[in-house]
1. For every helix of n ≥ 4 consecutive DSSP H residues, a contribution of -39,500 (n - 2.57) applies; sum these over the chain, divide by its total residues, and give [θ] at 222 nm rounded to the nearest 500 deg cm²/dmol.
2. When the label point is put 7 Å from the Cα of Lys8 along its Cα-to-beta-carbon vector, which residues of segment 69-105 have a backbone N closer than 15 Å?
3. Select from the chain the helices, each a whole stretch of DSSP H, whose alpha-carbon atoms run 15 Å or more along the helix axis and whose Kyte-Doolittle mean is at least 0.0; answer none if there are none.
4. Treating the beta-carbon of each Lys and Arg as +1 and of each Asp and Glu as -1, no other charges, what is the dipole magnitude of the chain about its Cα centre, to the nearest 20 debye?
5. Spin-label point model (7 Å from Cα, Cβ direction): what's the Gln30 to Gln101 distance in nm?
6. Under 20 Å Cα to Cα from Lys97, which lysines show up? Leave out anything in the same chain fewer than 8 places away.
7. For the chain, modelled as a GNM with alpha-carbon contacts under 10 angstrom, which of Tyr73, Tyr28, Tyr140 fluctuates the most?
8. In the Gaussian network model of the chain, springs joining C-alpha atoms below 10 Å, which of Arg16, Arg79, Arg104 carries the largest mean-square fluctuation?
Amino acid sequence: MASFVSEKIRKKSAARLAAVQATYMAEYGQLSIDEVIKDFVNGEIGRYAIEEESDGFEVLENTVEIEDMDAAYFEELVRGVHKNKEALEKSLAQYLKEGWQFDRFDGTLRAVLLCAAYELSHTTDIDATVIVKEYVDLAYAFFTKGEPKMVNALLDQIAKTIRG
């Protein structure tokens, strides 16, 4: 059964992936937020990904081109996270189990959660379940253990609180 996904949806999904990567780069790289955004929008960074396949004997890695993204949405997400980072971190920390600290999370996991929290709290034209699903899917792209399940539970809780 073929699945139909509009170009607009694919471009927003690609923008979310790039926003997570750019948020990570802004935190750990030596570039300014403006330079990071420019490099992604111009395709200098984030243009390709490694896709793994198994032939039954070994894992093969192929470089694949990533879908074009909604550049305006990408920039809105990255600038929004950057501008509101401290408030987003404090907000996310309120939803964590006792003894867990947001700043101790893996950098990629923090980037996923920051982008998701920003989008849940600052966009009203996209259904919360869509946002949660997109970021859980991204978590599965980066992690294989319990992180995606934790992202799902955390974002569900945040969405219910913020969106009702």
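1. Working: 6 runs with 103 residues, N = 164.
The per-residue figure over the chain is -21000 deg cm²/dmol.
2. Of the residues in segment 69-105, 70-73 have backbone N under 15 Å from the label point off Lys8.
3. Helices passing the filter in the chain: 107-122, 128-142.
4. Using only the charged Cβ atoms, the result is roughly 840 debye.
5. 2.8
6. Lys145, Lys149, Lys160
7. Checking each option, the largest mean-square fluctuation is seen for Tyr28.
8. With Cα springs under 10 Å in the chain, the top fluctuation among Arg16, Arg79, Arg104 is at Arg104.
The numbers here are math on the coordinates, done by the rules we state, and not lab data. Keep in mind it's a predicted model, so treat the numbers as computed, not measured. Every residue, glycine as well, gets a Cβ built from its backbone with ideal geometry; the counts of neighbours run over all protein chains shown.
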